[in-house]
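The block underneath contains the structure these notes are about, expressed in structure tokens.
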Amino acid sequence: MSTSRRPRLNIGAVRSSFAPWADPSLEPLVRFEGVTKRFGNETAVNDVSLSIYESEFFALLGPSGCGKTTLMRLLAGFETPDAGRITLAGEDLAGRSPHQRPVNMMFQSYALFPHLSVEQNIAFGLKQQGTPKGQIADRVTEMLALVRLEGLARRKPHQLSGGQRQRVALARAIAPNPKMLLLDEPLAALDKKLREETQFELIALQQRLGMTFLIVTHDQEEAMVTADRIAVMREGHIVQIGRPAEVYETPNSRYVADFIGDVNLFEGAVTAADGKRVTLATPDCPVGFEALEDDRLAVGSTAWLGVRPEKIQLHLDPPKEGPNRMAGKVADYGYLGDWTTYVVELESGRTVRAARANASRLVARPIACDDLCWLTFAPDAAVVLTR
Amino acid sequence: MKRGPSAFNIASVVAGLAFLHLPIVLLVVYSFNASRLVTVWGGFSTKWYGALLRDDQLLAAIWVTLRVGLISASLATVLGTLAAVALVRSGRFKGRLLFSGMIYAPLVMPEVILGLSLLLLFVAFGLPRGFWTVTVSHATVTLCYVTVVVQARLISFDKALEEAARDLGCTPLKAFFAVTLPNIAPAVAAAWMLAFTLSLDDLVIASFTSGPGATTLPMRIYSQVRLGVSPEINAVSTLLVGLVATGVIAAYLFQNRRRGRDA
């Protein structure tokens, strides 16, 4: 597949103005209210409350076993909550079987019916709805065009490539025009390059249809690229909900900071906090840390600074005065092509990761292992975490 | 190192196969014997197959056997498939182990005991023994074989397919017929053929549970042999061997074709 197939939608511009969750007059499409689900002694979903709005692309992100798939299956009707309720367009879904719910799911294994052709697979949901034959044929043609599988209508699933199967599964779930599309790890089975392309296709598709998408993924990059909002889950709880940039730049806990992207976490004791800035004393940085923070943290309390590797500058000459200066030596580095990640061992003994964009072609590496170096970061590059 | 089978390997395979199949080969060969005497070769002839067609009692027995086989295999397939679905799909219900153990018990139970217990049951209920008691008994015995075959297929069948069908608007029952059944059909067909073949060649259970007017072919052959082996019996036995072999091979091919497509 060539890159010219990528949609030419100005997604960023459309996205930044889309924020239905900020409008209190809007009724969410889906509402989870205190939903709990237990399997035996294990609580898979623990008192989750969550609202998803019409036309939103919402991602449930978390490691495997965090309850994200269970949450989706509760919405689809394959599991029944032990407590709480789920409403869709104002209607309580309790007691409604999967076939009575106007949501469709795209399964991780795609779950294409092996005995049916591509077009029969796509027509399956429409047939169950009792759609007249002519209309089914039209809709199937439309769906095949949508996912660019026009020539493959009569193929059986086992005659398709992984990417094609993924698109058939997508078309089959969209065909009955559900109020909401649920995608369970939709890209997990694809190789990296195809996955990246498909991410953009999914966004373009969602924009074009105006359909509400709920995606479950363990891949933070997938969630960041596709979703309007991300809910980060951990052990059955939702830890943080926000736009991708919010979750990345202002994580609310060490867990979220660490789960989404790479982060260096420094522990320190608060020495001053004036409602704008906070200073921390720490063995890692003898001159002390300084970061922006609105909250007046109690002096003497423990806080953590989260600093992303790309926000740390690496110097070979000692920098001038200022906070957030650490001396160390390069312990290791990894060349990634576009970036180089350096692992620097501080005088305190801990290691810090710093990333540098390879802005020019590297002929002779200026930095090598065991080189002495200094690390700095700006006060606004760090996020202060208290839990 | 020498590749391929050694002389010893070849010898042991030949000996093993001969041990297994020499009696059957002999039976088939003697069914074409022109001589009335079973042990004396009197030249090639198909006259015993002709005689077969004029033996009304034998033809009646064949007809009974086929009917018993068809009906009992169908009954066993439906019930056995349902049992397999229950075992594989309903997860961990209370007494699941007991249930599966009870399903498989007839596989290892001596046939004589099965036959005897069925006979006792029919006597206790005052049921006249005949065609239907044999049929039901065969269904009982072959049911567990059906369950084993169908269960093996269901375990490898992706449960998400059923969920997808339900998600797209099917009730659980409809999802079973629209998606599950078409996909496990080869295994169900193979199970039916297995049940049919087992019913065809059963003597023990039939002897216990049959009554007047419902003599199956194996029963007929057995009673005739007690009066002396006739070439006509050889002929009908050859036909039976052919039919059973065809059934087993067809069942095998059915399952294999499926496996080839899944891979």
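Among the listed residues A:Arg195, A:Arg165, A:Arg208, which satisfies the condition of being open to solvent by 10 Å² or more (accessible area, probe 1.4 Å), modelled with pLDDT of 90 or more and either within 14 Å of chain B (Cβ to nearest Cβ) or not in a loop (DSSP other than H, G, I, E, B) (or both)? Explain how you work it out, then say what you get.
Numbers: A:Arg195 fails: modelled with pLDDT of 90 or more; A:Arg208 fails: modelled with pLDDT of 90 or more.
After ruling out the rest, the residue left standing is A:Arg165.
Kindly evaluate A:Ile215 against the criterion of being assigned to a strand (DSSP E or B), farther than 21 Å from A:Gln108 by Cβ and under 20 Å from the mean Cα position of the chain (by Cα). Walk me through how you get there before you give the answer.
On the way: assigned to a strand (DSSP E or B): yes; farther than 21 Å from A:Gln108 by Cβ: no; under 20 Å from the mean Cα position of the chain (by Cα): yes.
Criteria not met by A:Ile215.
I'd like the residue in the stretch A:9-40 that is at pLDDT below 55 and out of contact with any helix residue (DSSP H, G or I) (no Cβ under 9 Å at 6 or more places or on another chain) and, out of all such residues, is most open to solvent (accessible area, probe 1.4 Å). First the steps, then the outcome.
As a first pass, look at the stretch A:9-40 and keep what is at pLDDT below 55: A:9-14.
Within this subset, residues satisfying the condition of being out of contact with any helix residue (DSSP H, G or I) (no Cβ under 9 Å at 6 or more places or on another chain) are A:10, A:12-13.
Details: A:Asn10: 104, A:Gly12: 50, A:Ala13: 56 Å².
The qualifying residue most open to solvent (accessible area, probe 1.4 Å) is A:Asn10.
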Within the set of pairs 6+ apart or on separate chains, which have a first residue in the stretch A:365-387 that is within 24 Å of A:Gly261 (Cβ to Cβ) and open to solvent by less than 40 Å² (accessible area, probe 1.4 Å), a second that is part of a loop (DSSP other than H, G, I, E, B) and of a type in the set (Gly, Ala, Ser), and C-beta atoms under 8 Å apart?
A:Thr376/A:Gly322; A:Leu385/A:Ser253
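For the stretch A:101-108, check the following and say yes or no: at least one residue is more than 14 Å from chain B (Cβ to nearest Cβ) and open to solvent by 60 Å² or more (accessible area, probe 1.4 Å).
Going through the stretch A:101-108, the residues more than 14 Å from chain B (Cβ to nearest Cβ) turn out to be none.
No, because not a single residue in the stretch A:101-108 is more than 14 Å from chain B (Cβ to nearest Cβ) and open to solvent by 60 Å² or more (accessible area, probe 1.4 Å).
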Would you say B:Ala195 is of a type outside the set (Lys, Arg) and either within 30 Å of B:Glu111 (Cβ to Cβ) or more than 14 Å from chain A (Cβ to nearest Cβ) (or both)?
yes
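What about A:Leu74, is it part of a loop (DSSP other than H, G, I, E, B), open to solvent by less than 40 Å² (accessible area, probe 1.4 Å) and under 25 Å from B:Thr180 (Cβ atoms)? Quick ask: steps written out before the conclusion?
Values: part of a loop (DSSP other than H, G, I, E, B): no; open to solvent by less than 40 Å² (accessible area, probe 1.4 Å): yes; under 25 Å from B:Thr180 (Cβ atoms): yes.
Judged against the criteria, A:Leu74 is not a match.
Restricting to the stretch B:150-177, name every residue that is more than 7 Å from chain A (Cβ to nearest Cβ) and either open to solvent by less than 30 Å² (accessible area, probe 1.4 Å) or in contact with a Ser or Thr (Cβ under 7 Å, 6 or more places away or on another chain) (or both). Spell out the reasoning first.
Restricting attention to the stretch B:150-177, the residues satisfying the condition of being more than 7 Å from chain A (Cβ to nearest Cβ) are B:150-157, B:159, B:162, B:165, B:172-177.
Selection gives B:Val150, B:Gln151, B:Leu154, B:Phe157, B:Glu162, B:Ala165, B:Ala175.
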So if I check each of A:Asp23, A:Asp47, which one is away from chain B (no Cβ under 14 Å) and on the phi > 0 side of the Ramachandran plot?
A:Asp47
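The values are calculated or read from the model by the stated rules, or taken from the named source; none is laboratory data. Everything quoted here is computed from the prediction, not taken from an experiment. FYI the Cβ positions are ideal-geometry reconstructions off the backbone, even for glycines, and counts take in every protein chain you see. Protein only, heavy atoms only, side chains kept; ligands, DNA and RNA dropped before computing areas. Shrake-Rupley method; radii C 1.70, N 1.55, O 1.52, S 1.80 Å.
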